[in-house]
Amino acid sequence: RWQNGDYFYPFGMKGKKKLSDYFKDKKLSLPEKESIWLLCSNNKIVWVVNHRADNRFAVTDPSQKIIKLTYTP
């Protein structure tokens, strides 16, 4: 789950963004925010599940291994 102060680098955007600001931009209610899961690696957000991936973990030409994850509620 997300915590105050968490941030990520949204895919398709420049720079980092606090999750609280991202949720505010999406106009999510408190219960919606609390139900959102995060996929993390070494304390870095990889994916805000069902919302947006972190650009630092994008698949690029040098990528050698890829893990495909899907979410079904």
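The values are calculated or read from the model by the stated rules, or taken from the named source; none is laboratory data. Here the structure is a predicted model, which is why all the values come from computation and not from measurement. Using ideal geometry, Cβ is built from the backbone for each residue, glycine included, and neighbour counts are taken over all protein chains shown. Accessible surface is based on the protein model in full, side chains and every heavy atom, while ligands, DNA and RNA are left aside. Shrake-Rupley method; radii C 1.70, N 1.55, O 1.52, S 1.80 Å.
Things worth noting here:
- Of all residues in the stretch 38-58, exactly one satisfies the criterion of being under 15 Å from Lys18 (Cα atoms), assigned to a loop (DSSP other than H, G, I, E, B) and open to solvent by 90 Å² or more (accessible area, probe 1.4 Å), namely Asn43.
- Those residues of the stretch 17-43 which are in contact (Cβ under 8 Å) with a residue 24 or more places away in the chain and under 14 Å from Tyr7 (Cβ atoms), in sequence order: Leu19, Tyr22, Leu38
- Positions within the stretch 8-24 being assigned to a loop (DSSP other than H, G, I, E, B) and loosely packed, with under 15 Cβ neighbours inside 10 Å, in sequence order: Phe11, Gly12, Met13, Lys14, Gly15, Lys16
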